[in-house]
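Note sheet for the following structure.
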Amino acid sequence: MMNPHAYLGLKVLHVASAMVFLGSIVLGLFWKSHADRSKNPAIIAHTMEGIIRSDALFTIPAVFVIVLGGFGMAIAARTPILGTGWIFWSIVLFSISGLAFGFQIAPLQSRMLAVARGGEKAEFDWTRYGLLSRSWHFWGIVALVAPAAAYALMIFKPDIPGLRELLHLAR
């Protein structure tokens, strides 16, 4: 096993990054809802720009540190990554969050920003924005609940089947 101080250093980075990651998602949901209540296209556009920038500065870098720290600790502790249920399912949940962000949330954010910017110059298309917004909120909740569940698995470390056990059961 690696130096215990190095392991604990990875653990601090991993946990701190998970906090930044989850906090960024929660704050994005909060500020967008807050901006929407203003009914002001300029405020909505400004908020969407801030959320997109926050994702680039905090959320996405936190993903890399979470992954590197988590895999680093598992390797250092010689813990089988896919054979340990709480690690395997945490990876699955974290991946669901990433897929929701990459394929739904990020494109929706860009579309909502375009609608809000258009509303600053002309009539705001509340119908289109509302449809995009509802979809963004749904996928935002998915992107929050999945890694929050992974966070809980990492803390409680329940004895649940990993990929090896699932494959063995499937035979």
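Some points to look at:
- Residue count for segment 131-171, restricted to those that are among the acidic types (Asp, Glu) and modelled with pLDDT under 95: 1
- In segment 58-78, the residues that are aliphatic (A, V, I, L, M) and within 18 Å of Pro147 (Cβ to Cβ): Ile60, Ala62, Val63, Val65, Ile66, Val67, Leu68, Met73, Ala74
- Residue satisfying condition, being in contact with an Asp or Glu (Cβ under 8 Å, 6 or more places away or on another chain), hydroxyl-bearing (Ser, Thr, Tyr), surrounded by 15 or more Cβ atoms within 10 Å (Cβ to Cβ) and under 27 Å from Ala152 (Cβ atoms), within set Ser97, Ser24: Ser24
- Being in contact with a Lys or Arg (Cβ under 9 Å, 6 or more places away or on another chain) and buried (at least 19 other Cβ atoms within 10 Å of the Cβ) holds for only one residue in Ile66, Ile51, and it is Ile51.
- Those residues of segment 127-171 which are free of Cβ contacts under 8 Å to residues at least 12 places away in the same chain and not in a helix (DSSP H, G or I), in sequence order: Arg171
- Count of segment 113-126 residues which are over 25 Å from the mean Cα position of the chain (by Cα) and either under 19 Å from Ile52 (Cβ atoms) or part of a loop (DSSP other than H, G, I, E, B) (or both): 8
- Selection status of Ile87, touching a Phe, Trp or Tyr at 6+ places or on another chain (Cβ under 7 Å), buried (at least 19 other Cβ atoms within 10 Å of the Cβ) and modelled with pLDDT of 95 or more: no
- Single residue of Thr47, Thr59, Thr79 found to be part of a loop (DSSP other than H, G, I, E, B) and polar (S, T, N, Q): Thr79
- Listed by first and then second residue, the pairs with beta-carbon distance under 9 Å, at least 6 apart or on different chains, first residue in segment 28-50 and without any contact (Cβ under 8 Å) to a residue 12 or more places away in the chain, second surrounded by fewer than 16 Cβ atoms within 10 Å (Cβ to Cβ) and of a type in the set (Phe, Trp, Tyr), are Lys39/Trp126.
- A single member of Ser110, Ser90 is of a type in the set (Gly, Ala, Ser), under 30 Å from Arg164 (Cβ atoms) and part of a helix (DSSP H, G or I), and it is Ser90.
The values are calculated or read from the model by the stated rules, or taken from the named source; none is laboratory data. Since the model is a prediction, treat every value here as computed from it, not as a measurement. All Cβ positions, glycine included, derive from the backbone under ideal geometry; neighbour counts span all protein chains shown.
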